[in-house]
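One structure below.
The values are calculated or read from the model by the stated rules, or taken from the named source; none is laboratory data. Quick caveat, the model's predicted, so the values are computed rather than measured. Cβ coordinates were reconstructed from backbone atoms using ideal geometry, including for glycine residues, and neighbour counts include every protein chain displayed. Heavy atoms of the whole protein, side chains included, go into the accessibility calculation; ligands, DNA and RNA do not. Shrake-Rupley method; radii C 1.70, N 1.55, O 1.52, S 1.80 Å.
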Amino acid sequence: MILIDGKKAAAELREELKLEVSELKTKYNKVPGLTVILIGDMTPSQIYVRNKEKSANEVGLKSEVIKYPDTVEEKTVLEKIEELNKDETVSGILVQLPLPKHIDKQKVIEAILPSKDVDGFHPMNVGNLSSGYESSIPCTPLGCYLLIKKIEPNLSGKKAVVVGRSNLNGKPMTQLLLKENCTVTITHSRTKDLKAECLEADIIVAAVGIPELVKSDWVKKDAIVIDVGINKTDNGIVGDVAFNEVSKVAKALTPVPGGVGPMTIACLLKNTIECFKRSQI
Ligand code: GUN
């Protein structure tokens, strides 16, 4: 079984990006900039944002974090986004989710210029991705995709099953696999026989948020299994895949932690650089 080392893959990607940033600096005499807006003091979000800032600095991006208390008015956030949209030194804008209840998430997402939307959440980018046009691609599915391609460069005709239909993961993941000519089944909590669907798969991407849902008797021998889940349990953090048992049947499997997670942040940096490059044309 291949244990897919996301930490190593992310470090390699960051090295490539670091080189690219230094080349862009020589060419344009400026570097891509990432601005993250963090609202409130939810601990996981704070940790994510700190890691994003650290990684951005590591590859040589200009990085800024704007923090607001969770009582901030929606208007203040929208005005700040407007200001960042106009700021030429800002290539990418990310508003860390989740947001406090009094702030309309969709309004915030749609306020970000599509060309600076490093999350790929703006409807324009969602539409472009599903139409097969150039777009920002949500960081977690992009990270999963790059890990899958490292194991299996030619995905044409493979049967992929995506478990979970969120806008963040399941739906964009489906689009990326379709683009690679996979036959994709998107499954969710109302799917009649999830086990039977998974058993058909050459590739399983589990992004449903149910601890250790995918068992070894759900997985075809030699399938590639990507675990997007981060679930807090009494036994610590576990994924959506029962790691120990599935590792006995899968060809390749991501661990949790150390699989998809590190790739998500590296892909955010990649997206920031892509936004910068498109803005220079
Ligand atoms: N919160 C958890 N994951 C994400 C993400 O990918 N983007 C944003 N903006 N917030 C998140």
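For the range 70-86: of the residues being touching a strand residue (DSSP E or B) at 6+ places or on another chain (Cβ under 8 Å) and either open to solvent by 80 Å² or more (accessible area, probe 1.4 Å) or not β-branched (V, I, T) (or both), which is farthest from H122 (Cα to Cα)? So the residue we want is D70.
The lone criterion from (1) surrounded by fewer than 18 Cβ atoms within 10 Å (Cβ to Cβ); (2) touching a helix residue (DSSP H, G or I) at 6+ places or on another chain (Cβ under 8 Å); (3) of a type outside the set (V, I, T) left unmet by G259 is number (1). Of the helices (runs of 4 or more DSSP H) lying entirely inside the range 141-258, the ones with 2 or more residues being within 24 Å of A11 (Cβ to Cβ) are found at 170-179. Scanning the range 3-41 for residues that are open to solvent by 90 Å² or more (accessible area, probe 1.4 Å) and within 16 Å of the ligand (Cβ to nearest atom) yields one hit, D41.
Within the set L61, L97, the sole residue that is within 16 Å of the ligand (Cβ to nearest atom), of a type outside the set (K, R) and in contact with a Ser or Thr (Cβ under 9 Å, 6 or more places away or on another chain) turns out to be L97. Of all positions in the range 214-223, at least one carries a residue that is more than 24 Å from R165 (Cα to Cα) and surrounded by fewer than 21 Cβ atoms within 10 Å (Cβ to Cβ).
Of the residues making up the range 185-208, those that are closer than 17 Å to L147 by Cβ and either under 19 Å from the mean Cα position of the chain (by Cα) or free of Cβ contacts under 8 Å to residues at least 40 places away in the same chain (or both) are I203, I204, V205, A206, A207. Only one entry of N169, N85 meets the criterion of being among the polar types (S, T, N, Q) and within 13 Å of the ligand (Cβ to nearest atom), and that entry is N169. M263 fails exactly one of the following numbered conditions: (1) within 16 Å of the ligand (Cβ to nearest atom); (2) over 22 Å from the mean Cα position of the chain (by Cα); (3) of a type in the set (A, V, I, L, M). What is the number of that condition? Result: M263 fails condition (2) only.
When the criteria are applied in full, L99 fails the requirement of being surrounded by 18 or more Cβ atoms within 10 Å (Cβ to Cβ), more than 19 Å from the chain's Cα centre (by Cα) and assigned to a loop (DSSP other than H, G, I, E, B). Residue check: is S130 open to solvent by less than 30 Å² (accessible area, probe 1.4 Å), in contact (Cβ under 8 Å) with a residue 40 or more places away in the chain and among the polar types (S, T, N, Q)? No; evaluated as a whole, the condition is false for this residue. Hey, any hits in the range 176-187 for a residue that's within 16 Å of the ligand (Cβ to nearest atom) and of a type outside the set (V, I, T)? Within the range 176-187 (the criterion being within 16 Å of the ligand (Cβ to nearest atom) and of a type outside the set (V, I, T)), the answer is yes, since at least one residue qualifies. Taking the listed residues G164, G157, G120, the one that is surrounded by fewer than 18 Cβ atoms within 10 Å (Cβ to Cβ) and either at negative phi or at pLDDT 95 or above (or both) is G157, with no other qualifying. Candidates I137, I148, I93: the one that is surrounded by 13 or more Cβ atoms within 10 Å (Cβ to Cβ) and more than 14 Å from the chain's Cα centre (by Cα) is I93.
Beta carbons closer than 6 Å, at least 6 apart along the sequence or on distinct chains, pair a first residue in the range 77-104 that is closer than 26 Å to T43 by Cα with a second that is open to solvent by 70 Å² or more (accessible area, probe 1.4 Å) for L99/K105; P100/D70.
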